[in-house]
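Reviewing the structure listed below.
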Amino acid sequence: MKVKALLVLLVLSAMLAVGVASARTITLLNVSYDPTRELYQDLNRAFVAQWKAQHGDNVVIRMSHGGSGTQARSVADGLPASVVTLALAYDIDAIADRGLLAKNWQQRLPDNASPYTSTIVFLVRKGNPKQIRDWPDLIRPGVQVITPNPKTSGGARWNFLAAWGYALQQPGGSEARARTFVHALFQHVPVLDTGARGATNTFAQRGIGDVLLAWESEALLAQSKLGKDRFDIVVPSVSILAEPPVAVVDANVAKAGNRAVAEAYLEFLYTPRAQDIAARHFYRPRLAQVTQKHAGQFPVVETFTIAQLFGDWRKAQAKFFADGGVFDQIGPGSQPAR
Amino acid sequence: MALAKHHRVLPGFGLSLGYTLAFLGLIVLLPLAALAWKASGIGVAGLLDLLAAPRTQAALKLSFGGALAASLINAVFGLLVAWVLVRYRFPGRRLLDALVDLPFALPTAVAGIALTALYAPNGWLGGAFDALGVRIAYTQLGVGVAMVFVGFPFVVRTLQPVLESLDREMEEAAESLGARRSQIFARVILPVLLPALLTGFALALARAVGEYGSVIFIAGNMPMRTEITPLLIVQKLEQFDYPRAAALGVVMLGFSFVMLVALSLLQRWSRRWAEPSS
Amino acid sequence: MNVMLRSRASRWPQRLLRATLTLVAVAFMLAFLLLPLAVVFAEALAEGVQALLSSLARYEALSSIRLTLIVAAIVVPLNIVFGVAASWAMTRFEFRGKALLGALIDLPFSVSPVIAGLIYVLLFGAQGWFGPWLAAHDIRIIFAVPGLVLASVFVTLPFVARELIPLMQAQGSEDEEAARVLGANGLQMFFRVTLPNIRWALLYGVLLCNARAMGEFGAVSVVSGHIRGLTTTMPLEVEMRYNEFDYTGAFAVASLLALLALLTLAIKTLLEWRYGDDLAAHAPGGR
């Protein structure tokens, strides 16, 4: 009896030892932007568990969060990101321009390499005291609008293009009309924070402004974290389809030898499981079945894409946000629109 | 004469100076050379274009103008605080004295968040000012408040030792000759304090010009109005425009360096002035 | 010393002047220095002591505290050696370009923190001077601990030297010369004469250097890479928490840093109080 038990124990521990020896630890670094902190906490947990179950290896996913542009620059300067999950395609283009990943990165994954989307909505104070319903209400006298600086914030660029796209698509809309509208809009902006989260803090904590232009995910998160009784969300008649893209950084995964895991990690984002997590963190899922499940959370909104109105992000960036571009011409502190 | 002897008697000249230069070279000069090299990429014409841009000019004006105003406030109140701390005895003096160093020790980001919380319209002080129709947070005043905060210790700490060593006999003599207090202050005390005051002023100014962490939270960051130069540098970086970011850095640095050389000369001058006999 | 106690000083207009000046000074310092500090603690305690402690016990907070301590433990000794060497050279010898050297030592005080971080990116970043070589040899400087150390050394470089230079200038070199004449070698002279003479100023410089090294935000932010639990120091953790709408957590970490600042100041005040005469005897110009 005793001998048998000992034998069993020996075999068991030997198996355990083999198991331990064969389980590798693979580390990924996901360099992301500010509003995805809570999202990736949950996504990472799910992916790590799944990979462990399927392959037996331990995956450690480290996160880095910051302004999307700053993060892109850090990766270009050598931050060893295995994957980047940023606010807009231009920031990943900028990394690709420095040779760290293939220029066609956006074609390597479905849906423009954006596994989840969002749109731009208005966060207003409870009861909507200024009666803000749609874009034109933002430029009524006495309304103060909070948005971060498009020069330093990815979210702010989506805000800017959403406003521009709205004006462009109105009956009789034109470039000149859009210019006038967005110029007027920025006359109502009292504070330009450097990042989306900073703007939310200014609006929510410091009590500045009547309406915050924000990602839908941020607005819903702010509502749930800072109090449903404090803010309402207003969905405008038309808005932009914000597509935050993801990509594997080829040069870094080649060096670290973790390409397989990195690719699986991004593909995982398109699975029903991950899509459900994204929806629970207020990002609009791509999978129809998951969207249906969370339909109550996401009001129907007519959206346009970057591709439809602006070509692509490189063109939009060069036209609107580069030095001397449209934002510099009509943004705060500029001369009146000509 | 006596100096020549030092060379022979005291050891370690080569070692200490060599180490100092090597360390400075590696930590300060080499990286700054990289900055200058990067900045040179835009050429003289590029630099002039950059400096001529209204945004740049507004930011430089705010950074230098705000720092100047803040340092003037610091010079006045720093002198006052130093005077009170050295000359008067009152309960809580030591505590107050210790508080002076707080801006050195408190992280700038924390200072920025705290100042904003304090001076925002819904903050403890901001509400009171708002009632008076004065906005502090998210205006140029807010920038000034943060700059006063970071520069304050420099003035007090440079003045204190000088005030402590001030020869009171001169004051007494002046007083016995019938001079009024204001005359004594203006003619006897201030001239002796002036070098140290200028030193503290210059250090506070140099520090305020470059400050980022605490200003960025309270400024509001509106182009042409409340956008400081370091933020402009960050914006250039966001666009991968390293040369222009570096060029702005060099411009700020050049100013600071001129100030500090002047300061260093001032210190030597004030030392000779204070010890005319040696 | 006791001039101010004389009868003349206690005439009432002067008393009034004194009281007014004191009040103004106290009011100024309360508004500009004490209130921001009070905000930090008030916000940290907004949800009670329990919430404060539990948010400090989180893994990210602990790792940021550890990293901050490691960085400070490397930065401070480096700057002590530099500060002593620089002060020795600056105050014991005459040489050309001394004013220039003095300005160079002060320079980091006035370099914008953003630039202080940027310069190391320009040197060691992937697109920088040494970037390709470092990458080829798999050496990480920025976005790792060495980068954090470099940026912190840069911003705190002047603190020790600035405390020592005026003091050593005021003390003069007679003591050291006497030691030499009596036959002490260089090391003996330094440890038996110089160090005891400068120890309090040195300690004060170290305290300030340490406080600033732990609290630096701007420069460190540029070279950190913000990898949670790996390259985030306490000030960066404060910003991250603030950006996560975790205000209590942000101010909890901030209050820890503020406590540290207060502790620094308390130690300094205690030293002055305990060894007041000793310090006064060596204060600049106070011989």
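The values are calculated or read from the model by the stated rules, or taken from the named source; none is laboratory data. Model, not experiment: these values are computed from the prediction. Note: ideal-geometry Cβ built from the backbone for every residue, glycine included; neighbour counts use all protein chains shown. For the accessible areas, the whole protein counts, side chains as well, though only heavy atoms, and no ligand, DNA or RNA atoms are used. Shrake-Rupley method; radii C 1.70, N 1.55, O 1.52, S 1.80 Å.
Numbers below:
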item: Any hit, the stretch B:131-144, residues being touching a helix residue (DSSP H, G or I) at 6+ places or on another chain (Cβ under 6 Å), open to solvent by less than 50 Å² (accessible area, probe 1.4 Å), free of Cβ contacts under 8 Å to residues at least 12 places away in the same chain and more than 10 Å from chain C (Cβ to nearest Cβ); result: no
item: Complete set of residues in the stretch B:210-254 that are more than 7 Å from every other protein chain (Cβ to nearest Cβ), farther than 18 Å from B:VAL44 by Cβ and either of a type in the set (A, V, I, L, M) or out of contact with any helix residue (DSSP H, G or I) (no Cβ under 6 Å at 6 or more places or on another chain) (or both); result: B:VAL215, B:ILE218, B:ALA219, B:ILE228, B:LEU231, B:LEU232
item: Test set (1) within 22 Å of A:THR117 (Cβ to Cβ); (2) surrounded by fewer than 23 Cβ atoms within 10 Å (Cβ to Cβ) - A:GLY207 fails condition number; result: (1)
item: Helices (runs of 4 or more DSSP H) enclosed by the stretch C:113-217 - at least 3 residues per element that are surrounded by fewer than 17 Cβ atoms within 10 Å (Cβ to Cβ); result: C:131-136, C:174-181, C:186-189, C:195-215
item: Selection count where residues are in contact (Cβ under 8 Å) with a residue 60 or more places away in the chain, among the charged types (D, E, K, R) and under 22 Å from C:ASP246 (Cβ atoms), scope the stretch A:212-263; result: 4
item: Matching helices (runs of 4 or more DSSP H) fully within the stretch B:57-162 where at least 1 residues are under 19 Å from the mean Cα position of the chain (by Cα); result: B:93-99, B:102-105, B:108-119
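Table: residues versus (1) at pLDDT below 55; (2) over 30 Å from A:ALA87 (Cβ atoms); (3) open to solvent by 60 Å² or more (accessible area, probe 1.4 Å).
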site: A:VAL3; (1), (2), (3): no, yes, yes
site: A:ALA21; (1), (2), (3): yes, yes, yes
site: A:ASN30; (1), (2), (3): no, no, no
site: A:PHE47; (1), (2), (3): no, no, no
